1. Within segment 117-127, how many residues are in a helix (DSSP H, G or I), touching a residue at least 60 places away in the same chain (Cβ under 8 Å) and over 10 Å from the mean Cα position of the chain (by Cα)?
2. Looking at G169, is it surrounded by fewer than 22 Cβ atoms within 10 Å (Cβ to Cβ), in contact (Cβ under 8 Å) with a residue 12 or more places away in the chain and more than 20 Å from A41 (Cβ to Cβ)?
3. Hey, can you tell me all the residues within segment 136-149 that are farther than 15 Å from A104 by Cβ and assigned to a helix (DSSP H, G or I)?
4. Of all residues in segment 158-174, which are over 14 Å from T16 (Cβ atoms) and in a helix (DSSP H, G or I)?
5. Quick one: in segment 34-53, which of the residues that are crowded, with 21+ Cβ neighbours inside 10 Å and either over 24 Å from D8 (Cα atoms) or in contact with a Ser or Thr (Cβ under 9 Å, 6 or more places away or on another chain) (or both) is modelled with the lowest pLDDT?
6. Please specify each residue of segment 172-194 satisfying the condition of being touching a helix residue (DSSP H, G or I) at 6+ places or on another chain (Cβ under 9 Å), loosely packed, with under 15 Cβ neighbours inside 10 Å and either closer than 21 Å to G15 by Cα or touching a residue at least 40 places away in the same chain (Cβ under 8 Å) (or both).
7. Can you tell which of A138, A156 is without any contact (Cβ under 8 Å) to a residue 40 or more places away in the chain and within 17 Å of the chain's Cα centre (by Cα)?
Amino acid sequence: MDIDLTLDLFVQIAGTVLSLIYLFLLVKENIWCWLFSILAAIFSIYSFISVKLYSEAILYSFFIWFSIYSWYKWSGNKKGETLAIKTLPLKNHIFWIIIGFILAFGLGYILKTYTDAEKSFIDSNTTIFSFIASYLEAHKYLYTWVYWIILNGVTAWLYFSQGLPIFAGLMVVYFVMSGIGLWNWRKKYLAVNA
């Protein structure tokens with residue numbers, strides 16, 4: 001077996017296993033999810049660069065820094081209170097969606113014009129909206145999970161189309177787990193706010 005192929009496979013499997021641990025802990029609202037997010041991102045960056053999904057590599061670089069931020073946000077305030085699940089008004093979601101499409105178009109144009117990136121407009125949309133969803137997730141907004149359900153479905157197709165079947169399979173699992181995350185977080189939110 002080719003050494004590069006073996007390394008690529010190992011990196012995809014390691015990134016996938018770490019990502020699954022991250023997602024399981026996230027759904028459970030366990031703060032250690034952020035450590036696994038960082039580790040998974042490190043492995044994933046390599047894979048995305050190797051198949052010319054540069055926006056995804058940028059996104060996962062961002063995930064490292066954002067995981068540190070989220071870990072801090074989730075660790076509680078000076079009184080030891082942890083961050084509660086909350087909702088965001090519809091007008092705020094509309095704002096984020098409009099901004100997301102504008103930024104994604106700009107990034108897609110840059111990648112299409114100045115790089116050899118593959119599927120630059122789809123890749124840029126999943127990247128920009130993942131930035132937005134990550135921000136909302138760090139603040140524990142309930143319907144962040146809806147963003148992730150859509151993103152994970154599109155990203156599964158993108159990864160599969162670029163020859164990353166292990167990561168594509170991971171996104172299918174993320175798609176399902178995002179639905180479970182929405183259900184779990186909604187149940188907790190309603191228990192406190194009913």
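The values are calculated or read from the model by the stated rules, or taken from the named source; none is laboratory data. All figures in this text were calculated on a predicted structure; none of them were measured in a lab. All Cβ positions, glycine included, derive from the backbone under ideal geometry; neighbour counts span all protein chains shown.
1. 3
2. Working: surrounded by fewer than 22 Cβ atoms within 10 Å (Cβ to Cβ): yes; in contact (Cβ under 8 Å) with a residue 12 or more places away in the chain: yes; more than 20 Å from A41 (Cβ to Cβ): no.
Judged against the criteria, G169 is not a match.
3. L136, E137, A138, T144, W145, V146, W148, I149
4. Of all residues in segment 158-174, those over 14 Å from T16 (Cβ atoms) come to 158, 161-163.
Matches in segment 158-174: L158, S161.
5. L53
6. V176, I180
7. A156
To keep it simple, each residue is scored yes or no on (1) acidic (D, E); (2) surrounded by fewer than 18 Cβ atoms within 10 Å (Cβ to Cβ); (3) under 30 Å from L190 (Cα atoms).
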residue: W32; (1), (2), (3): no, yes, yes
residue: F66; (1), (2), (3): no, no, yes
residue: L90; (1), (2), (3): no, yes, yes
residue: G108; (1), (2), (3): no, no, no
